[in-house]
Amino acid sequence: MSDQLNTSTQTTRKRKILPVGHFRGLATWSACFFIFLYMPIVVLIFYSFNANRMVMNWGGFGLNWYRKAFLNDSIQHAVINSLVVATVATVCATLIATIGALVLARGGNFKGKTLSLGLITLPLMVPEIVTAVAVLIFFSSISMDLGLGNVIIAHTTFCIPFAFMPIRARLEGMDTTMEQAARDLYASEWETFRFVTVPLLMPGIVAGAMLSFVISMDDFIITLMVGGAGSTTLPVYIYSMIRRGLTPEINAVSTVLLFFSITIVTAYWILSKKSQTKTVH
């Protein structure tokens, strides 16, 4: 009797798992969702090849707007500023976030641990405009001239929580067996950290760095607030171009920025796959 009940229960549980195709209209809703999500990007890329200066009037296929964008000194300067700010801010934010994650994940229970974790993640819930105003007031209070250095400091502060989350998640999900084995083989704490912990932690570090880099490259509000003369980044420059009117040149610059972000994501995916393969072997 009990066997029959168990069999009946298992059958009932199996019947609850329905295939995706069972839900009518799901494919249509999914198609509408992806069209709504990606159609603006497709339109942006399509009209970036428009030979006509009027954005919505198709004048044939052309690459002249990409040529003008790459030969524009102001755009080149903005791209260089964006890369410098994003690179320096990413390195600093990732380093600080890694140290913080190691202390909170491996430092045991200490007084103020919960408070420290809350303070690190709090900026994620604070509106960016509030952060921008606070940073601007801070720089003004210490009479610091606004420039590229201010933007780097502000971006580093803003990116730390974004780098911290994946690094901490990776640390908490790591198996400590290999680290214990290294200590059993008389490896010092530094050797264990360098040759075991860091390689295992690398996917989280790369994820945090990638997220910080993309956020820094894309940031507009903080950069506009604390940036001074000569510190215009690409998002700020695109905004200034839009105020003068939409042109295919804006579409071309935005498309290049889009494919640059896709390249970063693809590189991260390849590195993650290689890291997982090495871990398995």
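When every Cα-Cα distance of the chain is counted in 10 angstrom steps from zero, the calculated P(r) takes the values 6, 19, 23, 22, 17, 8, 3, 1, 0 percent.
Evaluating 6.51 cos²θ - 1.76 cosθ + 1.60 at θ = phi - 60° for every residue in region 38-53, the Karplus couplings come out as 10, 4, x, 5, 4, 4, 4, 5, 4, 7, 6, 9, 6, 6, 7, 6 Hz, glycine and proline recorded as x. Peptide packing: for 40-47, 252-259, the average count of neighbouring Cβ atoms within 10 Å per residue gives the ranking 252-259, 40-47, highest mean first.
The HN-Hα couplings worked out from phi for region 177-187 by the Karplus form 6.51 cos²θ - 1.76 cosθ + 1.60 (θ = phi - 60°) are 4, 5, 5, 5, 5, 5, 5, 5, 8, 6, 7 Hz, whole numbers, x standing for Gly and Pro. As a calculated quantity, the FRET efficiency between Thr114 and Ser74 at R0 = 51 Å, using C-beta atoms, amounts to about 0.60.
Scanning residues 5 or more positions from Gly228 or on other chains, those with amide H under 5 Å from its amide H are Gly147, Leu148, with H placed 1.01 Å from N in the peptide plane. You can think of it this way: the chain between Ile270 and Ile242 has 6.5 nm of extra reach, that is 0.36 nm per residue less the Cα-Cα gap.
Net charge around Phe61, counting only other residues with Cβ within less than 15 Å of its Cβ (Lys, Arg = +1; Asp, Glu = -1)? So the surrounding residues net to +2.
Backbone phi angles across region 111-123, fed through the Karplus curve with coefficients 6.51, -1.76 and 1.60 (θ = phi - 60°), yield HN-Hα couplings of 5, x, 5, 5, 5, 4, 4, x, 5, 5, 8, 4, x Hz in residue order; Gly and Pro are listed as x.
The helix-only estimate of mean residue ellipticity at 222 nm for the chain, built from DSSP H runs of length n ≥ 4 each weighted as -39500 (n - 2.57), is -25000 deg cm²/dmol after division by the residue total.
Label-to-label distance for Asp175 and Phe193 is 2.4 nm, based on points extended 7 Å past Cα in the beta-carbon direction. Pairwise inverse Cα distances across region 148-281, averaged and inverted, put the Kirkwood hydrodynamic radius at 17.6 Å.
The numbers here are math on the coordinates, done by the rules we state, and not lab data. Because the structure is a prediction, the values reported are computed rather than measured. With ideal geometry, Cβ positions are generated from the backbone for all residues, glycine too; neighbour counts draw on all protein chains shown.
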